[in-house]
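Written out below as structure tokens is the structure these notes cover.
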Number of protein chains: 2
Amino acid sequence: MKKHNFSAGPSILPASVMERASEAIKELDGIGLSLIEISHRSKEFIAIMDKAQALALELTGLTDKGYQALFLQGGASTQFLMAAINLMKTKAGYINTGAWSDKAIKEAKRYGEVVEIASSKDQNFNYIPKGAEIPSNLDYLHITTNNTIFGTQFHHLPETNVPLIADMSSDIFSREIDYSAFDLFYAGAQKNMGPAGTTLVIVKDSLLEQMNKDVPSMLSYAIHADKGSMFNTPPVFAIYTSMLTLEWLKGQGGIKAIEKHNTTKAQLIYDEIDRNTAFEGFAAKEDRSFMNATFNLAEGVDGTLFDKLWNQTDISGLKGHRSVGGYRASIYNALPLASVHQLVEVMQQFEKSI
Amino acid sequence: MKKHNFSAGPSILPASVMERASEAIKELDGIGLSLIEISHRSKEFIAIMDKAQALALELTGLTDKGYQALFLQGGASTQFLMAAINLMKTKAGYINTGAWSDKAIKEAKRYGEVVEIASSKDQNFNYIPKGAEIPSNLDYLHITTNNTIFGTQFHHLPETNVPLIADMSSDIFSREIDYSAFDLFYAGAQKNMGPAGTTLVIVKDSLLEQMNKDVPSMLSYAIHADKGSMFNTPPVFAIYTSMLTLEWLKGQGGIKAIEKHNTTKAQLIYDEIDRNTAFEGFAAKEDRSFMNATFNLAEGVDGTLFDKLWNQTDISGLKGHRSVGGYRASIYNALPLASVHQLVEVMQQFEKSI
């Protein structure tokens, strides 16, 4: 039945995860109750939460490295606010690589001075700015590691001595990077981790200690950490399904194995974009995202037939974001290679027809 | 397979709702994709959101009455903060009827003066304070309509000319009250509406217009209302399942019919508490909650056998909150009458044994 799901998010999850999540709604592990009707204080849910947190640290190589994993609500949009309200003393640096960085900057300005270290706004965010000097007197530096809308990605992290904070909503768990380079990183679940409805925050203990004290309870990392992400009722289903997805990832061989899979998929689609005369890539080649491939029709090419072809072959979610136009193939962890082959085939078929 | 689920929340949902939610995780309405892997901007999810919002207004009798329904994240705990940051100009009144009111007060104090109009703290919150004079110069009055922990409930709303705000997390959609008496009311989904992970806010348009302007985006009712609860990625699964539950409630005959059902259940359990010499009720009789019946063992009675009996008969979630002790039977909308009969039977069996 399944479509080839290139949706940018919420997006494809492993078939086995959806199967198990569906079962748990009927009955969780033979306990005579559904996952969604048990108390979050039950031993069953506490075990789920513990496992999800442990897997998040294990997969990023941060077990016993002085980090904590929190499962919160409110998406990256709430993190824009939380990062600033907890960490801003005087001024913070932001690298502006697109719409989401822009939003993070807007929220941070309420709490102090924002230094825009670098920006790629001058070219509609089609590249990652590099080599900017990062002042050493910042409270923190914030980056967006992958830019879903524009299809760009940091392939080298900026070097800095100030705490490094990252929005990793669309590339967490997709590639081997040095996660210990970050002092805090966060991700809405709905790309590589699970369904919409929970947000993973991984934070260094030493950073927690330096945070502002006078923060509303629900916005305080310290309170959520102190309560083990149970200060208030957590989003049970989203956390359970995230736990299943992390378990699946571990079973696949972890981040090292999935990165190989993701690289194969990305090369396949980008090779076709570069070869195919009907299309042109949007992002600068060296900054291309391995999660979201953005491309437009070549000048003068009418895409009506292409749209018809991909719709006919059960490809879904390929439409580009309005600020870029054209197409966006989101090729997250769970997307099978076969789906990329299908897309490439349709791109080739279209090229022949024009 | 099912247990008799008296959990205080997350809590029992209708069996048909869990069945349909489980199916939607596999595939949503024959579209070839799971509910949890489609874009929140898809026509399918937009229809779900629209329907959930429309049902929330319809069931509370507020369709075309100048109200909006929002589906947000963060639970009532986030609403404690949002109510104050959006509405507090100088001072607000709070009636303190328990732990949740207390938390609401704590958050509100950040934004202005809190006048504690009345409190039942002097008797461990076992009653609802009545008759307090409500100043007319408050920015708003905040109440907690039902107190899950203590098993008390407002059976008469305070009369006031200032905007009335209510935390209805544990009794929304359970009884016929004049919902138009409120200017804003909110509820975490995980009692009578759906699974944990979304929060319903129903707000009067005229109140939206008077709100503070300089509020962080994710905390602004005005922004969420303006964006139709899609300012950021909404918790798709929790909203879908809430929509199913509201649809189920409408099919049952709406709030009028469910109130009758709830009253029958409440009378049954309270009659037994009052009759049975092994137990005594916790809350003042006139203020008893029709959602959470709290009771303790009578003086000198050892509950070991009772605990054994209810566990043996597949009763689940009966343990009282630590601040009250004893037992709590949460008898939300979806709990069948048969479960209450089962509990009463076990209470009678226990009484005979002592």
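Just a few scattered comments:
- Residue that is nearest to the other protein chains (Cβ to nearest Cβ) [pool: residues in the range A:80-95 that are more than 18 Å from A:Asp226 (Cα to Cα) and touching a Leu at 6+ places or on another chain (Cβ under 9 Å)]: A:Leu81
This table checks each residue for (1) buried (at least 16 other Cβ atoms within 10 Å of the Cβ); (2) within 18 Å of the chain's Cα centre (by Cα).
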position: B:Lys89; (1), (2): no, no
position: B:Ile95; (1), (2): yes, yes
position: B:Trp100; (1), (2): yes, yes
position: B:Lys103; (1), (2): yes, yes
position: B:Glu107; (1), (2): yes, no
position: B:Tyr111; (1), (2): yes, no
position: B:Ile117; (1), (2): yes, no
position: B:Ser120; (1), (2): yes, no
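- Residue in the range B:39-53 that is under 23 Å from A:Lys3 (Cα atoms) and hydroxyl-bearing (Ser, Thr, Tyr) present: yes
- Scope the range B:228-261; condition out of contact with any helix residue (DSSP H, G or I) (no Cβ under 8 Å at 6 or more places or on another chain) and within 26 Å of A:Val236 (Cα to Cα); matching residues: none
- For the range A:76-84, the criterion of being in the same structural domain as A:Tyr186 (by TED's automatic domain parsing), touching a Phe, Trp or Tyr at 6+ places or on another chain (Cβ under 8 Å) and surrounded by fewer than 17 Cβ atoms within 10 Å (Cβ to Cβ) is met by no residue.
- Residues in the range B:239-295 that are of a type in the set (Gly, Ala, Ser) and more than 22 Å from B:Gln348 (Cβ to Cβ): B:Ser242, B:Gly251, B:Gly253, B:Gly254, B:Ala257, B:Ala284, B:Ser289.
- Residue count for the range A:322-335, restricted to those that are away from chain B (no Cβ under 13 Å) and part of a loop (DSSP other than H, G, I, E, B): 5.
- Residues of the range B:4-55 that are more than 23 Å from the chain's Cα centre (by Cα), among the β-branched types (Val, Ile, Thr) and more than 25 Å from A:Ser16 (Cα to Cα): B:Ile46 alone.
- Among strands (runs of 3 or more DSSP E) entirely within the range A:45-122, having at least 1 residues that are among the aliphatic types (A, V, I, L, M), at pLDDT 95 or above and closer than 26 Å to B:Pro234 by Cα singles out A:67-72.
- Single condition A:Lys2 does not satisfy, out of (1) modelled with pLDDT of 95 or more; (2) facing chain B (nearest Cβ under 9 Å): (1)
- Total residues in the range B:306-321 satisfying the condition of being in contact (Cβ under 8 Å) with a residue 24 or more places away in the chain and in a helix (DSSP H, G or I): the figure is 3.
- Within this structure, A:Ser242 fails the test of being touching a strand residue (DSSP E or B) at 6+ places or on another chain (Cβ under 6 Å), of a type in the set (Ser, Thr, Tyr) and under 30 Å from A:Leu208 (Cα atoms).
- Residues considered: A:Gln68, A:Gln79. Of these, the only one that is touching a residue at least 12 places away in the same chain (Cβ under 8 Å) and in contact with a Lys or Arg (Cβ under 9 Å, 6 or more places away or on another chain) is A:Gln68.
- 3 or more residues within 14 Å of chain A (Cβ to nearest Cβ) and surrounded by fewer than 16 Cβ atoms within 10 Å (Cβ to Cβ): qualifying helices (runs of 4 or more DSSP H) within the range B:209-304: none
- Subset of the range A:10-44 (residues that are closer than 21 Å to B:Ser242 by Cβ, more than 7 Å from chain B (Cβ to nearest Cβ) and not in a helix (DSSP H, G or I)): A:Leu28
- Any hit, the range A:317-325, residues being surrounded by fewer than 14 Cβ atoms within 10 Å (Cβ to Cβ) and farther than 22 Å from B:His40 by Cα: no
- Residue, nearest to B:Ala104 (Cα to Cα), within the range B:119-141, restricted to residues that are in contact (Cβ under 8 Å) with a residue 24 or more places away in the chain and of a type in the set (Gly, Ala, Ser): B:Ser119
- The range A:37-82: number of residues that are under 19 Å from A:Ile172 (Cα atoms) and of a type in the set (Asp, Glu): 1
- Selection status of B:Thr313, within 14 Å of chain A (Cβ to nearest Cβ), touching a Pro at 6+ places or on another chain (Cβ under 9 Å), modelled with pLDDT of 95 or more and closer than 30 Å to B:Arg20 by Cβ: no
- Neighbours by Cβ (under 9 Å, 6+ apart or cross-chain): first from the range A:268-285, hydroxyl-bearing (Ser, Thr, Tyr); second at pLDDT below 95 and surrounded by fewer than 16 Cβ atoms within 10 Å (Cβ to Cβ): A:Thr277/A:Ile354
The values are calculated or read from the model by the stated rules, or taken from the named source; none is laboratory data. Values in this document were obtained by computation on a predicted structure and should not be read as measured data. Glycine also receives a Cβ, built like all others from the backbone with ideal geometry; neighbour counts cover every protein chain displayed.
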